[in-house]
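Just below is one structure, and these are the notes that go with it.
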Amino acid sequence: MKDFRLLSLLGLLSLSLVFIGCPDDDDDSATDDDDAMDDDDAMDDDDATDDDDATDDDDATDDDDAVDPFVFVDFSAETMVQNDRLGMPAVSTALITDDARKTAYNQASPSDDAAATFVPDIVAQINALHTVLDDDLTGLMLTPCTVDGAGGGTCVAQGAPLIIPDSIAIDVAADAGFPNGRTLRDPVIDVTLAVILLDLTVHSATDLVGTNPTANDVDFEPNFPYLAPPHQ
């Protein structure tokens with residue numbers, strides 16, 4: 001009998017322990033819920049951070065869009081050094097051949113041109129060009145100019161008003177176009193070559209137009225800066 005009561009008491013104690021353990025399970029569940037909430041909060045925080053990053057990216061994009069693609073220097077002329085001049089096309093490139101003289105020419109001014117400082121260099125190179133090209137010109141039924149001499153049709157007399165001084169003169173009352181300024185489509189090299197190679201009492205200054213390409217392979221753009229992007 002005593003044994004039966006002892007067993008019953010042990011059974012009740014066991015059941016009590018089982019029921020006492022249930023709240024622990026509930027606490028674990030609550031803890032799990034808290035963990036889940038913490039994870040959600042962390043995810044929300046991450047999302048907020050991502051949103052901030054996205055906002056930062058947008059700001060960066062806006063900053064990039066706001067950048068002016070054209071940046072102009074604002075130095076005064078007195079602080080700059082002249083290294084080149086190209087009022088008329090091809091003069092310093094093709095008619096001044098000695099390197100030291102070319103450097104001196106590019107650092108000179110129109111007043112030096114008016115003083116005939118570089119005329120001997122230019123005349124010597126025009127002579128050299130005629131020595132090489134006159135047979136080709138006559139073969140094309142074109143009349144070469146005489147490099148120097150009396151009378152009309154001499155290269156020096158024709159070329160001097162165009163290339164000496166080496167500057168661009170603009171008459172605002174006249175139509176725009178080379179040599180009154182120059183537009184992007186003007187065949188300036190062909191005209192310049194005609195003036196120093198052809199007898200203009202026989203030919204027009206445009207008679208060499210077409211010996212070089214007359215148009216770009218890609219047309220000009222309608223808006224500034226007008227030039228098409230460079231080939232890659």
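Worth pointing out:
- Matching residues in segment 140-182 - criterion: being assigned to a loop (DSSP other than H, G, I, E, B), touching a residue at least 40 places away in the same chain (Cβ under 8 Å) and open to solvent by less than 20 Å² (accessible area, probe 1.4 Å): Cys145, Gly153, Asp166
- Just one of the listed residues (Ala104, Ala116, Ala100) is surrounded by 13 or more Cβ atoms within 10 Å (Cβ to Cβ) and either of a type in the set (Gly, Ala, Ser) or under 29 Å from the mean Cα position of the chain (by Cα) (or both), namely Ala104.
- Condition met for Thr131 (over 17 Å from Ile163 (Cα atoms) and within 41 Å of the chain's Cα centre (by Cα)): yes
- For Ala42, the criteria (1) modelled with pLDDT under 85; (2) touching a Phe, Trp or Tyr at 6+ places or on another chain (Cβ under 6 Å) hold in every case but one, which is (2).
- Residue within segment 105-121 that is charged (D, E, K, R) and within 26 Å of Asp199 (Cα to Cα) present: yes
- Identity of the residue in segment 183-204, free of Cβ contacts under 8 Å to residues at least 40 places away in the same chain and charged (D, E, K, R), that ends up surrounded by the fewest Cβ atoms within 10 Å (Cβ to Cβ): Arg185
- Long-range neighbours under 7 Å by Cβ, at least six apart or interchain, first residue in a loop (DSSP other than H, G, I, E, B) within segment 97-119, second open to solvent by 80 Å² or more (accessible area, probe 1.4 Å): Gln107/Gln82
- With respect to the stated conditions, Gln107 fails to be farther than 12 Å from Ile164 by Cβ and in contact with a Leu (Cβ under 6 Å, 6 or more places away or on another chain).
The values are calculated or read from the model by the stated rules, or taken from the named source; none is laboratory data. A quick note: this is a predicted structure, and the numbers were derived from the prediction, not measured. Neighbour counts are summed over all protein chains in view; Cβ atoms, including those assigned to glycine, are modelled from backbone coordinates with ideal geometry. Surface accessibility is based on the protein's heavy atoms, side chains included, excluding ligands, DNA and RNA. Shrake-Rupley method; radii C 1.70, N 1.55, O 1.52, S 1.80 Å.
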